[in-house]
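What follows is a single structure, written as C-alpha cells, with notes after it.
Each reported figure results from applying straightforward, stated rules to the coordinates on display, with no laboratory input. If you're wondering where the values come from, they're calculated on a predicted model, not measured in any experiment. Cβ: placed from backbone, ideal geometry, glycine included. Neighbour counts: every protein chain shown.
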Amino acid sequence: MSFQTIFLGLSLLYDFLEWAGKHNGNLGTKIHYWRDVLFCGCVLPFTLFVSSMFWTVYAIDRELVFPKIYDDVIPWWFNHCVHTNILVVLALETLLQPRRKPTDEKVEVTIYWSVALMYAVVYYTIYFTTHRWLYQVFGVMTWWQVCLYQLWIWGSSFVFYKLQFPINRLIHGDESQEIPEANGETKTGEQVMSPKEQSGKLITDLKTPPFSTRSWSVKFKNIRNQFESSRL
C-alpha cells in the first residue's frame, strides 16, 4: 500500500509538471524515471500477487487470510479497497501508459528483490519473536511447505514483473522508430514534424505522431481547444 501511495504521488506530481510545461526539466525527468521504475519493479508485480493470492486463498478458506470475525470491525468495502480496487488502478495505468520495456531493468530488479526479501524478513521475524504467523496460511503448513510456498511467492511475483512488458506491447503496439519530441516537434527519420504539420493538416488522431508518443494528459491538452469550441 505504501509503494502504491508513493507511486500515485509521483504520478500526480509529474502530471502537474506536464500541464505546466515543465516536465522536461531536471526535476520532471527524475520524477518520470522513478515513477516508472517504481511501478514496474514494485507496484505491478506485488499488487498482482497480493490480490490474486488473497482472493484465491479466501475462496478456499477465508479463515486463513481474513477471518470472519474481522467482519465485525472491518467493513466489507475496506477489504475491497485493499485487495480489489488496486487491480482497477493497475489496469487503468497499464491501458493508458505505454511501458513496452523496462525503464532501467537493473534498478527495477534490485527494487523488486529488496522489497521481496525485506518483507519476508518482517513476517519471519514476527513469527520467531511471537510464535505467531502474520498470515495464518503459513500456520497450516509444515516447514518444508513454508519454504516451497516462499519460493512460489518470489517466483510468481517475478513472473508478473516479466510478463508486464509483452502484455503492454500487445496493448500499445511495438515501439516506433520515432525520436521523442522536443519543443513540440517530433522527428521521424530525417523529417521534423510539428503538431500542425502532416500533409498540411492539423493532426487530431491520437495514434498519429506526435500524439502517439505523448501521455494522455498532454494529448488532451493539445486538442482541448477543439473540444471547447465544439457544438457538443
Q: Those residues that are among the aliphatic types (A, V, I, L, M) and either free of Cβ contacts under 8 Å to residues at least 60 places away in the same chain or not in a helix (DSSP H, G or I) (or both), I need them from the range 54-86; list them, please.
A: A59, I60, V65, I69, V73, I74
Q: Mind listing whichever residues of the range 128-175 are surrounded by 13 or more Cβ atoms within 10 Å (Cβ to Cβ), part of a loop (DSSP other than H, G, I, E, B) and touching a residue at least 24 places away in the same chain (Cβ under 8 Å)?
A: Y135
Q) Among the residues of the range 103-117, which ones are under 17 Å from F3 (Cβ atoms) and either in a loop (DSSP other than H, G, I, E, B) or out of contact with any helix residue (DSSP H, G or I) (no Cβ under 6 Å at 6 or more places or on another chain) (or both)? A) T103, D104, V109, T110, W113, S114, L117
Q) Could you say whether any residue in the range 87-102 is part of a helix (DSSP H, G or I) and among the basic types (K, R)? A) no
(Q) As an exercise: evaluate Y14 against (1) more than 29 Å from W154 (Cβ to Cβ); (2) of a type outside the set (D, E, K, R); (3) more than 16 Å from the chain's Cα centre (by Cα) and give the number of the one condition it does not meet. (A) (3)
Q. So is R62 surrounded by 13 or more Cβ atoms within 10 Å (Cβ to Cβ), of a type in the set (D, E, K, R) and in contact with a Leu (Cβ under 9 Å, 6 or more places away or on another chain) or not?
A. no
Q. Hey, does the range 29-52 have a residue that's part of a helix (DSSP H, G or I), buried (at least 18 other Cβ atoms within 10 Å of the Cβ) and without any contact (Cβ under 8 Å) to a residue 24 or more places away in the chain?
A. yes
Q. Quick check: is even one residue across the range 56-74 out of contact with any helix residue (DSSP H, G or I) (no Cβ under 8 Å at 6 or more places or on another chain) and under 29 Å from E108 (Cβ atoms)?
A. yes
**Q.** From the options T103, T110, residue that is surrounded by 14 or more Cβ atoms within 10 Å (Cβ to Cβ) and touching a residue at least 60 places away in the same chain (Cβ under 8 Å)
**A.** T103
Q. Among the residues of the range 9-28 satisfying the criterion of being aliphatic (A, V, I, L, M) and assigned to a helix (DSSP H, G or I), which is surrounded by the fewest Cβ atoms within 10 Å (Cβ to Cβ)?
A. L12
